[in-house]
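So the structure is just underneath, and the comments pick up after that.
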Amino acid sequence: MAGTRAGRPRRGPIRAGAGRGVPWPLLVPALLGLAFLVLPLIALLVRTPWHHLTEQLSSTEVWQALQLSLLCATAATALSLVIGVPLAWLLARVEFPGRGLVRALVTLPLVLPPVVGGVALLMALGRNGVIGQWLDSWFGITLPFTTAGVILAEAFVAMPFLVISVEGTLRAADPRYEEAATTLGASRFTAFRRVTLPLIAPGIAAGAVLAWARALGEFGATITFAGNFPGRTQTMPLAVYLALQSDPEAAIALSLVLLTVSIAVLAGLRDRWTTAS
């Protein structure tokens, strides 16, 4: 046949490891790594007080922490969308000096210890902070140890997830659609609103869900910048930490709620984060 050598059958694509056994030097540490990640979660499920789980989760303190967590995580995600999507567009579409440095600074909260982020927020927005002192003296606005402080702390650690997701989606999108819209008379902002946003909507949704989940689980920056006051700044992770010292079963029950939320987020993003081509 044309394009093949006589006597040689056509071969399909070769997959890595096809027809070969798994080498033990790789299999053993791989299974150990899987066990290391999965066994603690199984232990949490095993030790969950199922017989009075409803009682543990129906207390006033738990509902206050849960409601505050949902409110603050949603508000932090909304804030991240308002300022994070334009930032992602700037990084993806505009060439300017120092863009690499700006991108590094944007992603820094991903690797920065959350407690350090809380200290940095205090130095910037505290009553004696670089900006906070002016907010206090000019407008009477005090952010630390308030619900607004919780929202800011969560947005600080969660927004990079949104920016990275949206920037990646923007880089994958064809910029010629925007250019065509501008040649037809649309302004850059109109092209962004009417053309670009619909194209990158899946990336924005995925980034928003990741940011929301990260904000919901934030602990270090929140307790450092906003404190741990029930009904005002005590979110679910802080309630878990407090309950662990006096009522371990309540801490396990609260942890189960956060674990359920995390699994739901992964299930919702399975096509983007948990599959490989």
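With Cβ to Cβ distances under 10 Å as the rule, what net charge do the other residues near SER69 carry (K, R +1; D, E -1)?
Details: positive: none; negative: GLU154, GLU218.
The answer is -2.
Within the chain, the longest run free of trypsin sites (Lys or Arg not before Pro) that sit in a DSSP loop with at most 13 other Cβ atoms within 10 Å is 48-277. Only DSSP H runs of four or more residues enter the estimate; each adds -39500 (n - 2.57), and after division by the residues of the chain the mean residue ellipticity at 222 nm equals -22000 deg cm²/dmol.
Using the Cβ-Cβ distance between ARG47 and ARG127 with R0 set to 45 Å, the FRET efficiency from 1/(1 + (r/R0)^6) comes to roughly 0.60.
Picking from LEU184, LEU81, LEU199, which is most flexible by a Gaussian network model of the chain using Cα springs under 10 Å? Sorting by GNM fluctuation, first place goes to LEU184.
Heavy atoms only, probe 1.4 Å: what % of the accessible area of the chain goes to carbon and sulfur, would you let me know? Before the final figure, lay out the partial values.
Numbers: 11530 of 16950 Å².
Whole-percent figure for carbon plus sulfur exposure: 68.
Ranking GLY207, ALA155, LEU121 by how far each Cα lies toward the positive end of the dipole of the chain (charges on Cβ) leaves GLY207 at the top. Springs between Cα atoms under 10 Å define the GNM used for the chain, and in it the highest mean-square fluctuation of THR146, THR183, THR107 occurs at THR183. In the chain, Cα pairs under 8 Å separated by at least six residues give a relative contact order of 27 percent. Each residue, ALA267 and GLU249, gets one label point 7 Å from its Cα in the Cβ direction; the gap between the two is 2.7 nm.
Between LEU70 and TRP138, what length in nm is gained on full extension when 0.36 nm per residue of separation is reduced by their alpha carbon distance?
Values: separation 68, 0.36 × 68 = 24.48 nm, distance 3.12 nm.
Full-extension gain reported as 21.4 nm.
Spacing of the modelled spin labels on LEU112 and LEU90, each 7 Å from Cα toward Cβ, amounts to 1.6 nm.
If you place +1 on the Cβ of every Lys and Arg, -1 on the Cβ of every Asp and Glu, and leave all else neutral, what size is the dipole of the chain about its Cα centre, to the nearest 20 Debye?
Details: 20 positive and 13 negative charges, 335 e Å.
Using only the charged Cβ atoms, the result is roughly 1600 debye.
Once the Cβ-Cβ distance of THR190 and ARG99 is raised to the sixth power relative to R0 = 25 Å, the FRET efficiency obtained is 0.55.
Pairs of alpha-carbon atoms within less than 8 angstrom and 6+ residues apart define the contacts here; what relative contact order does segment 107-216 have, in percent?
28
Between VAL119 and LEU31, the distance separating the two model label sites (each 7 Å from Cα on the Cα→Cβ line) works out to 4.4 nm.
Between ALA226, ALA76, ALA148, find the one with the highest GNM mean-square fluctuation for the chain; connect C-alpha pairs within less than 10 Å. Largest GNM mean-square fluctuation: ALA148. For Cα Rg over 2.2 N^0.38 Å, computed directly from the structure shown, the correct entry in [x] 1.01; [y] 1.06; [z] 1.30 is [z].
The values are calculated or read from the model by the stated rules, or taken from the named source; none is laboratory data. This structure is a prediction, so every number in the text was calculated from the model and none was measured. Virtual Cβ from ideal backbone geometry, glycine too; neighbours counted across all protein chains shown. With ligands, DNA and RNA removed, areas are computed over all heavy atoms of the protein, side chains included. Shrake-Rupley method; radii C 1.70, N 1.55, O 1.52, S 1.80 Å.
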